[in-house]
Amino acid sequence: MKRNKLNIAISALALGCALTTTSCSDSFLDETNRSSYTTKYFETEQGIQEAAAALYGNIRWHFGYEWAYGITLYGTDEFTNGNDLTSQPWNTYDNRLQALDCVPANGAANKNCPPVSGLWDEMYYGIANANKIIASGDMISNEDTRNKCVGEAYFLRGYNYYRLFAQYGGVVLSTKPVEGPVRNFNRASEEEVLNQVIADFDKAYEMLPTTKWRGNGSWTKYTAAHFLAKALLYRQSERCSDWNGSYDAKADLDRCIALCDEVIKACPLASNYSNLYNEWTGIDCKAEGQSEILMSCQHTASYAGRYGNRVYSYFNPQISNFSGSWVQRGQYVGLDFQRCRPTEYSYSIFDNVNDSRMWKTFRTVYGLNNVAKTDSAVMADNGVTADQVPTLGDEGIIFILNKKDDHRFDNDAHGSFGNGTSNHTFVNPLTGKWVPNAFPTFLKGEYVQNKYSTATESKSNVFCGVGKFEDGTRTGEKADSHRDVVMARTGETYLIKAEAQVREGNYQEAINTVNVLRRRAEWKNGEDRAFYTDGTMAFSKATGGDADNTTGASSLGKCKNAAGKKLTNLEAFKASFLQHSTYYLSTGIAETTAASDLQIRDYHNLPAEDEAVLAEMGVTGDKERLINFILNERSRELLGEFNRWEELSRTKTLVQRAKLFNPEAKPNVSAKHLLRPIPQKFIDQLQNEDGSNLSKEQQAAWQNPGYVNTDAAAKQ
């Protein structure tokens with residue numbers, strides 16, 4: 001990429017430390033007012049240490065609002081938009097995804113559309129703070145403390161540049177403190193930026209301790225090792241193929257594997273996949289301190305900074321719209337913003353009989369918590385008998401995650417299907433009760449889960465959502481969550497290692513590495529395959545929570561019983577949170593507690609789900625087949641964990657996979673979308689050394705290929 005030495009003034013490259021610092025006293029996440037401090041304070045030994053603690057606040061941005069999913073999950077093979085179109089341009093890649101931030105004036109559905117400039121600005125705020133600490137680290141007299149604090153600064157700078165590189169490619173490299181309106185920044189090449197990422201992670205790996213010295217959420221040597229391995233793998237990936245020939249591939253991949261092995265040994269996997277997300281019992285609970293968690297964004301009870309955790313809002317279907325009022329939302333059900341609708345691929349890629357991850361990822365049952373019709377009306381409208389009429393605590397919504405070749409439901413064997421706003425006759429053969437909302441995934445060999453909606457198929461609000469992020473401790477329907485968000489874990493480390501092994505040609509070794517994850521995903525002997533739980537359990541001690549949610553337990557919401565009496569939130573919760581899944585209804589197998597087997601014996605013979613995807617992609621050759629197999633395994637292991645877009649961009653599989661598996665992205669996605677546009681508001685601030693605005697040609701040189709500048713500065 002052409003280098004541009006320009007005269008620019010941009011506040012994101014200036015120190016913002018005084019606005020974001022936290023105290024180190026009792027907990028590094030306890031927010032303390034530092035507004036009385038001047039920047040001089042942060043030139044003292046104590047100030048530098050507090051600034052290092054404050055670095056952790058920068059990562060909270062990632063999960064504060066719509067950009068959490070918009071820039072990481074949308075427009076991929078795994079997720080598409082629901083009927084809410086807040087972030088639609090990021091999924092459809094239409095002409096609204098340009099260098100200008102998308103707002104209502106230029107086509108956004110509302111004011112919450114993630115800005116193209118959002119990640120750019122926030123990452124540079126963090127980089128500016130990190131630069132100050134790195135430059136001033138010698139002021140910390142204690143060597144151990146100095147290494148920890150400076151190591152944290154190197155880690156955050158490396159992480160932020162990693163995110164910038166992954167999204168935008170070549171960006172401005174700023175590695176020294178910027179005081180005032182400094183000019184003469186360069187846009188570095190992709191190669192230079194990634195090499196800076198690797199260098200920073202290397203320094204963090206060297207300096208950070210092996211222990212979580214600040215408590216849960218601390219960045220450690222193993223956090224740095226994980227991301228250093230990831231960056232080395234990136235350098236040997238397809239996005240870097242134009243320039244990585246000068247780097248020894250074997251050296252990069254060998255070190256990547258060695259780093260992964262170090263992490264895997266020191267930070268072992270949780271024994272059960274459900275331990276990671278489902279069995280979240282309350283704020284700061286045991287689940288948040290597991291060894292597998294390498295990096296998490298902290299959201300404690302005492303920390304209430306600028307960006308709260310909103311991700312629980314985005315993965316539920318729009319219950320309040322389609323359920324016919326049989327299921328009402330609340331802090332005991334989740335918030336049904338219906339942003340992230342899984343694609344057919346996301347359901348089909350799982351072995352629904354043997355892979356427990358499917359049933360520990362998707363929430364398939366919602367209990368009936370509001371009696372919406374009289375018994376006589378239900379019988380008259382839906383053709384059911386008195387003993388088949390459901391009541392509070394029966395199933396109100398079910399998703400049947402069957403397979404494409406499953407024909408058990410084709411001819412209304414148990415009645416017709418539909419949502420609660422229409423009449424239908426389905427009676428669950430396993431319960432003997434009519435279910436107000438019943439949705440098979442496939443009928444007659446056709447994907448139909450998107451056809452039950454009150455919207456259109458391309459904007460469906462009916463889907464089986466991901467339950468990994470629920471939080472029953474919220475004290476209001478739209479309150480922020482206080483559970484941590486996992487940003488890296490050893491489960492991904494295994495997949496990084498396996499891909500490095502594939503790129504070295506060690507195919508069976510890669511399968512053996514993945515088999516460790518698949519072994520954990522197997523049903524264990526004696527395990528109840530129909531059991532389901534998620535973080536909603538934290539609402540009540542009766543369902544496994546650490547405490548009862550007393551703040552919300554007595555509130556009277558919209559839920560009523562058959563006599564019209566309003567339920568308390570606790571009563572509504574007991575009716576709605578049913579800790580079982582549709583496993584047996586979905587699979588059709590006989591009830592069993594036997595162990596399952598997901599092991600792959602030969603890399604030539606991959607699971608049927610993978611072979612179907614590889615065939616549709618037209619993938620041939622062992623290396624390409626196995627890289628795509630690992631991408632599929634990433635879906636099974638990491639679905640919804642905010643990294644999919646960057647992984648598909650890295651491997652240059654984004655366009656093909658989005659076209660094949662995301663109908664809403666298919667018409668527009670193209671090779672230019674492997675990178676995001678450089679934000680227009682940044683380009684508009686650039687000047688030549690004489691203070692003049694950039695010409696059209698100069699602006700174009702700053703922009704990524706295929707995107708259009710508004711040339712606002714040149715018109716002035």
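The values are calculated or read from the model by the stated rules, or taken from the named source; none is laboratory data. These figures come from a predicted structure and were not determined experimentally. Every residue, glycine among them, receives a Cβ derived from its backbone with ideal geometry; neighbour counts consider all protein chains shown. Side chains are part of the model used for accessible areas, which takes the heavy atoms of the whole protein and leaves out ligands, DNA and RNA. Shrake-Rupley method; radii C 1.70, N 1.55, O 1.52, S 1.80 Å.
Tabulated results
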quantity: Where THR550 falls short, out of the listed (1) in contact with a helix residue (DSSP H, G or I) (Cβ under 8 Å, 6 or more places away or on another chain); (2) at pLDDT below 95; (3) among the hydroxyl-bearing types (Ser, Thr, Tyr); calculated: (1)
quantity: Residues (of a type in the set (Gly, Ala, Ser), open to solvent by 30 Å² or more (accessible area, probe 1.4 Å) and either more than 28 Å from ARG235 (Cα to Cα) or within 22 Å of the chain's Cα centre (by Cα) (or both)) located in the range 119-171; calculated: SER141
quantity: Residue identified as at pLDDT 95 or above and in contact with a Gly (Cβ under 9 Å, 6 or more places away or on another chain) among ASP242, ASP254, ASP200, ASP261; calculated: ASP200
quantity: Of all residues in the range 552-564 being in contact with a Lys or Arg (Cβ under 9 Å, 6 or more places away or on another chain) and open to solvent by 40 Å² or more (accessible area, probe 1.4 Å), the one that is farthest from GLY393 (Cα to Cα); calculated: LEU556
quantity: Enumeration of residues in the range 500-551 that are hydrophobic (A, V, I, L, M, F, W, C) and crowded, with 21+ Cβ neighbours inside 10 Å; calculated: ALA500, VAL502, ALA510, ILE511, VAL514, LEU517, ALA521, TRP523, MET537, ALA538, PHE539
quantity: Selection count, the range 184-197, where residues are open to solvent by 10 Å² or more (accessible area, probe 1.4 Å) and over 18 Å from ALA701 (Cα atoms); calculated: 2
quantity: Checking ASP200 against (1) crowded, with 20+ Cβ neighbours inside 10 Å; (2) under 26 Å from ASN628 (Cα atoms), the condition it does not meet; calculated: (2)
quantity: Subset tally (residues that are farther than 15 Å from ASN561 by Cα and either without any contact (Cβ under 8 Å) to a residue 40 or more places away in the chain or not in a loop (DSSP other than H, G, I, E, B) (or both)) for the range 364-375; calculated: 2
quantity: Residues of the range 387-417 satisfying the condition of being in a strand (DSSP E or B) and surrounded by fewer than 21 Cβ atoms within 10 Å (Cβ to Cβ); calculated: ALA413, GLY415
quantity: Entirely in the range 571-643, the helices (runs of 4 or more DSSP H) that have 3 or more residues that are among the hydrophobic types (A, V, I, L, M, F, W, C) and either under 30 Å from GLY330 (Cβ atoms) or open to solvent by less than 10 Å² (accessible area, probe 1.4 Å) (or both); calculated: 622-638
quantity: Filter pass, LEU294 being more than 16 Å from the chain's Cα centre (by Cα), surrounded by 23 or more Cβ atoms within 10 Å (Cβ to Cβ) and hydrophobic (A, V, I, L, M, F, W, C); calculated: no
quantity: Any chance ARG676 is among the charged types (D, E, K, R), under 23 Å from THR92 (Cα atoms), open to solvent by less than 10 Å² (accessible area, probe 1.4 Å) and touching a Ser or Thr at 6+ places or on another chain (Cβ under 8 Å); calculated: no
quantity: The range 350-363 - residue that is crowded, with 18+ Cβ neighbours inside 10 Å and assigned to a loop (DSSP other than H, G, I, E, B) and, of those, farthest from the chain's Cα centre (by Cα); calculated: ASN354
quantity: Which numbered condition ILE683 misses (of (1) crowded, with 23+ Cβ neighbours inside 10 Å; (2) in contact with a Lys or Arg (Cβ under 8 Å, 6 or more places away or on another chain); (3) of a type outside the set (S, T, N, Q)); calculated: (2)
quantity: Matching residues, the range 220-248, being in contact with a strand residue (DSSP E or B) (Cβ under 9 Å, 6 or more places away or on another chain) and not in a helix (DSSP H, G or I); calculated: THR220
quantity: Unique match (being touching a Phe, Trp or Tyr at 6+ places or on another chain (Cβ under 6 Å), surrounded by fewer than 20 Cβ atoms within 10 Å (Cβ to Cβ) and of a type in the set (Gly, Ala, Ser)) among GLY70, GLY64; calculated: GLY64
quantity: Count of residues meeting criterion [without any contact (Cβ under 8 Å) to a residue 24 or more places away in the chain and part of a helix (DSSP H, G or I)] in the range 92-133; calculated: 3
quantity: Output for the range 517-560, where each listed residue is assigned to a loop (DSSP other than H, G, I, E, B) and either touching a His at 6+ places or on another chain (Cβ under 9 Å) or of a type in the set (A, V, I, L, M, F, W, C) (or both); calculated: TRP523, ASP528, ALA530, TYR532, ALA547
quantity: Close pairs from the range 155-171: first within 10 Å of VAL197 (Cα to Cα) and touching a residue at least 40 places away in the same chain (Cβ under 8 Å), partner acidic (Asp, Glu) and assigned to a helix (DSSP H, G or I), Cβ under 6 Å, at least 6 apart; calculated: ARG157/ASP200; GLY158/ASP200
quantity: Residue ID - surrounded by the most Cβ atoms within 10 Å (Cβ to Cβ), chosen from residues in the range 79-107 that are under 25 Å from ALA700 (Cβ atoms) and hydrophobic (A, V, I, L, M, F, W, C); calculated: TRP90
quantity: For GLU689: the one exception among (1) farther than 30 Å from VAL311 by Cβ; (2) open to solvent by less than 60 Å² (accessible area, probe 1.4 Å); (3) in a loop (DSSP other than H, G, I, E, B); (4) in contact (Cβ under 8 Å) with a residue 60 or more places away in the chain; calculated: (2)
quantity: Residue selected from the range 418-428 under the condition out of contact with any helix residue (DSSP H, G or I) (no Cβ under 7 Å at 6 or more places or on another chain) and assigned to a loop (DSSP other than H, G, I, E, B), by the criterion modelled with the highest pLDDT; calculated: PHE426
quantity: Residues located in the range 254-310, provided they are free of Cβ contacts under 8 Å to residues at least 60 places away in the same chain, touching a Phe, Trp or Tyr at 6+ places or on another chain (Cβ under 6 Å) and under 30 Å from GLN236 (Cβ atoms); calculated: ALA266
quantity: Hits in the range 456-482 (condition: farther than 19 Å from ILE398 by Cα, open to solvent by less than 40 Å² (accessible area, probe 1.4 Å) and assigned to a loop (DSSP other than H, G, I, E, B)); calculated: PHE469, ASP471, GLY472, THR473, ARG474, GLY476, ALA479
quantity: Members of the range 705-716 found to be at pLDDT 90 or above and either touching a Gly at 6+ places or on another chain (Cβ under 6 Å) or surrounded by fewer than 16 Cβ atoms within 10 Å (Cβ to Cβ) (or both), listed by number; calculated: PRO705, GLY706
quantity: Residues that are out of contact with any helix residue (DSSP H, G or I) (no Cβ under 8 Å at 6 or more places or on another chain), aromatic (Phe, Trp, Tyr) and in a helix (DSSP H, G or I), drawn from the range 316-349; calculated: PHE322
quantity: Out of ASN662, ASN693, ASN668, ASN709, sole residue that is farther than 23 Å from LEU606 by Cβ, in contact with a strand residue (DSSP E or B) (Cβ under 8 Å, 6 or more places away or on another chain) and not hydroxyl-bearing (Ser, Thr, Tyr); calculated: ASN693
